[in-house]
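The values are calculated or read from the model by the stated rules, or taken from the named source; none is laboratory data. Please read these numbers as outputs of a predicted model, since none were measured by experiment. Every residue, glycine among them, receives a Cβ derived from its backbone with ideal geometry; neighbour counts consider all protein chains shown. The area values use the complete protein model at the heavy-atom level, side chains included, leaving out ligands, DNA and RNA. Shrake-Rupley method; radii C 1.70, N 1.55, O 1.52, S 1.80 Å.
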Amino acid sequence: MEKQNLDWANIGFGYRKTHASYVSYYKDGKWDDGAMTADNTVTLSEAACVFHYAQCCFEGIKAYTTEDGRIVMFRPDQNAKRMKDTCERLMMPVFPEERFLEAITRTVRENADFVPPYGSGASLYIRPFMIGSGPVLGVSPAEEYLFRVLVTPVGPYYKGGMKPIRVVVSDYDRAAPHGTGNVKAGLNYAMSMYPGQLAHAEGYSECLYLDPATRTKIEEAGGANFIAVTKSGKLITPKSDSILPSITRRSVLQIAKDVLGIEVEETDLYIDQLDEIAEAGLCGTAAVISPIGSVDYHGKRHVFYSETEVGPVIKKLYETLVGIQNGKLPAPEGWIYQVL
């Protein structure tokens, strides 16, 4: 199969139309059979629930070309489970997990020539999403829904790729205590846009948010989870009920413990403990692992390993994770889902 003629090393992280998307409709209490479509537009009622009450959720998955030429996805079964949890929290009908896997597999196969070649540093980003499409006026769940899967080739989420980024602690919250911070609801990301743009205007790549209840503990960034290596060599990550349970973070912790022999802990991480951190990073499907060079908090800059070079532990975690994803290194059982 011949790949698309694209400048894979410089495509950036943005939307590019591909051949086809998957679409399924929920009506009268059931999902239809689903189908592929070449139409990348959606027509909705002006009273669609998504427009008024933000009934919307999504997932992010990536497909890769392996060293031996296969096309694979990384742990998509976990995305299916997480979308199920999100749908239940937002009063949306669950798209069955088996059908979820079939839908994303079919969509990747239909667009296989858009999966970047091995060694390019790029990947095919898979975006399954669901919206309340039925008309609603009063505050209540919709009766009709749209589930769709789009794919698009992408480069690194943060400009510059695997280079340390500058982060600032935000004075805003991205989620409320006992709210929806632990599910992948679109409204969570809308909450992070304003503080994110303020940070970008000041030269930062991302915001770091504190716990909304006490504002003393580190939680996560707008689009990725936080990980850190302490000066004693332990890999830690914040423990909280209001952050997204990242599949990438879970995988990184397992790699650290089982492959690299690093002690790991999910625990409360207080903002006044920044000086105890030797290395830090942000991790997620889009970000993979992005090293943090420094964090600014109330006028003080905390520099970790370096503002220009990646620390050895974060670098090893990144190389191991990417090696597993692209087939260069052996994967734990069930982590790699072959498409072609």
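Assorted remarks:
- Scanning the range 208-231 for residues that are more than 24 Å from ILE61 (Cβ to Cβ), open to solvent by less than 20 Å² (accessible area, probe 1.4 Å) and in contact with a helix residue (DSSP H, G or I) (Cβ under 7 Å, 6 or more places away or on another chain) yields LEU210, ILE218, VAL229.
- Pairs where the first residue, in the range 96-119, is within 11 Å of PRO76 (Cα to Cα) and the second is part of a helix (DSSP H, G or I) and open to solvent by 40 Å² or more (accessible area, probe 1.4 Å), C-beta under 8 Å, 6+ apart: GLU97/ASP77; GLU97/LYS81; GLU97/LYS84; LEU101/ASP77
- In the range 14-40, residue nearest to the chain's Cα centre (by Cα) [restricted to those that are within 21 Å of PHE95 (Cα to Cα) and of a type in the set (S, T, N, Q)]: SER21
- Pairs meeting the criteria (first residue in the range 3-30 and more than 30 Å from PRO141 (Cβ to Cβ), second residue surrounded by 16 or more Cβ atoms within 10 Å (Cβ to Cβ) and aromatic (Phe, Trp, Tyr), beta carbons under 6 Å, at least 6 apart or on different chains) are GLN4/PHE114; PHE13/TYR157; THR18/PHE114.
For (1) closer than 16 Å to ILE227 by Cα; (2) hydrophobic (A, V, I, L, M, F, W, C), each residue gets a yes or a no:
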| residue | (1), (2) |
| --- | --- |
| VAL259 | no, yes |
| LEU282 | yes, yes |
| ALA286 | yes, yes |
| ASP296 | no, no |
| VAL303 | yes, yes |
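- Note on the range 45-127: enclosed helices (runs of 4 or more DSSP H) holding 3 or more residues that are buried (at least 17 other Cβ atoms within 10 Å of the Cβ), at pLDDT 95 or above and of a type in the set (A, V, I, L, M) are 97-110.
- Residues of the range 51-98 that are over 22 Å from ASN182 (Cβ atoms) and either of a type in the set (Gly, Ala, Ser) or in contact with a His (Cβ under 7 Å, 6 or more places away or on another chain) (or both): ALA63, GLY69.
- Selected residue (criterion: surrounded by the fewest Cβ atoms within 10 Å (Cβ to Cβ)) from residues of the range 167-207 that are over 24 Å from GLU279 (Cβ atoms) and touching a helix residue (DSSP H, G or I) at 6+ places or on another chain (Cβ under 7 Å): TYR172
- Here the range 128-166 is the region considered, the condition is being assigned to a strand (DSSP E or B) and open to solvent by 20 Å² or more (accessible area, probe 1.4 Å), and the residue that is nearest to HIS302 (Cα to Cα) is ARG166.
- Residues that are open to solvent by 50 Å² or more (accessible area, probe 1.4 Å) and aromatic (Phe, Trp, Tyr) within the range 2-18 comprise PHE13, TYR15, listed in sequence order.
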